[in-house]
Amino acid sequence: MGVGPQGLIGGVSFPVAQRPDALNAIAHALPLTYAIEGLREVMLKGADLSSRTVQIDVAVLAGIA
């Protein structure tokens, strides 16, 4: 799947939690979702690598890579 559809489903414009359940399940299969979620934690909440959410997102992205 290209970056365009991933951006629409993965949460670039709207958080994944605001999507219908079917799209939410698809979004959690896309790597861009985890990248965006981790970056939101860092940028908006000031999280670092001690944050559990950031740890999970980094682990998922490393596993995909």
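Since every read-out is calculated from the coordinates, none of them should be taken as a lab result. From a predicted model like this one, the values you see are computed outputs, not experimental measurements. Heads up, the Cβs are rebuilt from the backbone with ideal geometry, glycines too, and the neighbour counts pull from every protein chain shown.
List pairs: first residue in the range 15-26 and farther than 20 Å from R40 by Cα, second residue among the basic types (K, R) and in a helix (DSSP H, G or I) anywhere in the structure, Cβ distance under 9 angstrom, at least six positions apart or on different chains.
none
Would you confirm whether any residue within the range 9-29 is among the hydroxyl-bearing types (S, T, Y) and within 10 Å of the chain's Cα centre (by Cα)?
No.
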